[in-house]
1. Let me spell it out: the conditions are (1) modelled with pLDDT of 90 or more; (2) touching a strand residue (DSSP E or B) at 6+ places or on another chain (Cβ under 8 Å), and R140 meets all of them except one. Which number is the exception?
2. Go through Q388, Q426 for me and flag whichever is on the phi < 0 side of the Ramachandran plot and either basic (K, R) or in contact with a Phe, Trp or Tyr (Cβ under 8 Å, 6 or more places away or on another chain) (or both).
3. Would you be able to say whether some residue in the stretch 510-518 is modelled with pLDDT of 90 or more and in a helix (DSSP H, G or I)?
4. Taking the stretch 493-509 as the search range and keeping residues that are outside any loop (DSSP other than H, G, I, E, B) and out of contact with any strand residue (DSSP E or B) (no Cβ under 7 Å at 6 or more places or on another chain), which one is surrounded by the fewest Cβ atoms within 10 Å (Cβ to Cβ)?
5. Is one or more of the residues making up the stretch 532-555 assigned to a helix (DSSP H, G or I) and at pLDDT 90 or above?
6. Within the stretch 108-117, work out how many residues are surrounded by 21 or more Cβ atoms within 10 Å (Cβ to Cβ) and outside any strand (DSSP E or B).
7. For the stretch 449-498, which positions are in contact (Cβ under 8 Å) with a residue 40 or more places away in the chain and out of contact with any Lys or Arg (no Cβ under 7 Å at 6 or more places or on another chain)?
8. Quick check on this structure: which one of R500, R570 is under 27 Å from V399 (Cβ atoms) and modelled with pLDDT under 90?
Amino acid sequence: MSGPKRMSPLYIAFSMLKLIRSLVPLLFIFGIQFVANGKFPPTVYWVTGGALALILLTGAMEIIGWKRFTYEEESDRITIRKGLIQRSEKIIYYSRIHSVSQEQPLIQRLLGVVQLKIETPGGSEGDAVLPVLRREEAERLQRVLNERSIALPDQADDAAAGIAASESGQDQAAANEFPVQAGGPERMDGAYGAPSGAPHEEGAQLPNRAPRDSAVPGETGAADGFAPPDSRAPLARPAEGGPAAQPPSVAADARPKIREPELLYRLGPGRLFQAALTEMNLGLAVAFVAGIVSFADDLLPDRWVNQLVSNAQAYFTGIKAILIIAAAALIAAWLLSLVLFIVKFAGFSLYRDGGRLSVRYGLLERKQFLFDPSRVQAVTIREGWLRQALGYAHVEVNVVSSSSEKETPALHPFIPRSQIASLLEQTIPQFTFAAAELKPPKRAILGYVRIGLIVTAVLAAVLIYFFPHMGLWSLLLVPIVFGLDYWSFRTSGAALDGDRLTIVNRAIAKQTHCTLKRHIVAFRVGGSRWQRRGQMLNIKAHLLGGSGGSSISVSRLKASDAQQIYEWYRRERKI
């Protein structure tokens, strides 16, 4: 092929900046001590000298490491070689690639480069990361790898077994099982199916989307921080044993026209802020407050902490203290969730890139997910209590991935509930948005609320025992927990529609999961002795490991309904 290639020379600066970033907490600690004591501790000079020497040594070593970090595109695989002292070589067959995504963490954004992540279903050990690529090269390589992963679905197995490629051509690629429809209904609220040559902000009424084979120009996406893929990228060579290469004139005629990505939707600043206002993450706020308290206790001088506690005890006592602390915690959770949502989803845009979908978003860390709709394992619609009251939801897809971050690409972070069905029809039509038809029986209420009530009652009893007067306020948790558990009972359920399975459950946010029979790798039906006596069973479907989790479940369905779903799954499936 083209021979080994190296990443951008900025890889050297990238490695040094990563080391400097890891030393920032030390500088912060020394700054706190300087403010508290009026001088730096004696160890600061030794630590500073050692850090500078380490940075220089890292730079010298990474110059050699950059020269020995190469990647090579071959006929049926990509080979990555790296290592200064211990050399490693990783071979990834194109047919094993399930997704290729671009990311721009903060350091890469500062340097103007892109990180390319190649993911396979074999676990994180099978993945590969090229951390510092020029933007144009990352776009070209992402397009080439995605095209070859679809065009060569079975050649990796043939190469490993020594079988001729012509013998394996009988198997059909999974990517062709559900082709994306060329046409679709009109864009709702100006969001979908719009011609790619026009602006795509929400609120504009646009005509139907042009067919895929038409020559309508698409959005370049340059404003999103990623250059558009190179439409003049050369075609991949055929694998050994495959059909002979065509003459240039014939190949040029047979080659499909490659269009620039077609913009389907872009989340404008107004809608982004509206979505952020409806985001509430109490768990994140609790973790944040706990981290601040731990930081203050470990690093701040004792006299500062004692003075802060004394002032708080003087001004905030009794019910006043409880109300102020609760209000401050809720406001902090809301503000923190608002800021993090804006940072994460700023510039969100959804593109159609040929037969694939491209999702791009992020303010500080810019991310791009490019995936084939046929490789989506499941769709999840999340509705927080506030968004559900306003009629909005968050739609995300579970694509086969082995990323340790367990992040699911968002198909739309803030969409009216009434428009979800149309969004799925135009992007991943094999999935639908359906309500739960098979619901838990009324006798299941006790099972849903029992655990929460027991835990809350024990906690309230402990608080009342140690704090006889203040602890009585903990009894307010009982109706709150009961209400959440009862809400979960009313929400949960399942539905069957052909080869589709829909499961609905709730912790605090309502989650509707839709998957296909062939994507379920294992199915479990079971229940406790008490549940079986009440003719109730739990169901749990395990999906092929993906970035969004590997299982979906619902508890305490009628035994007859659970058996119906089990029989649906155990029947002969289409391969």
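1. (2)
2. Among Q388, Q426, only Q426 is on the phi < 0 side of the Ramachandran plot and either basic (K, R) or in contact with a Phe, Trp or Tyr (Cβ under 8 Å, 6 or more places away or on another chain) (or both).
3. Checked against the condition, which is being modelled with pLDDT of 90 or more and in a helix (DSSP H, G or I), the stretch 510-518 yields at least one hit.
4. D497
5. Step one: filter the stretch 532-555 for residues assigned to a helix (DSSP H, G or I), giving 532-533.
Now narrow it down to the ones that are at pLDDT 90 or above: 532-533.
Checked against the condition, which is being assigned to a helix (DSSP H, G or I) and at pLDDT 90 or above, the stretch 532-555 yields at least one hit.
6. 2
7. V449, M470, W473, Y486, F489, A494, A495, L496, D497, listed by residue number.
8. Exactly one of R500, R570 is under 27 Å from V399 (Cβ atoms) and modelled with pLDDT under 90, namely R570.
The values are calculated or read from the model by the stated rules, or taken from the named source; none is laboratory data. As the structure is a computational prediction, the values presented were derived from the model and not from experiment. Neighbour counts run over all protein chains shown; Cβ positions are idealised from the backbone, glycine included.
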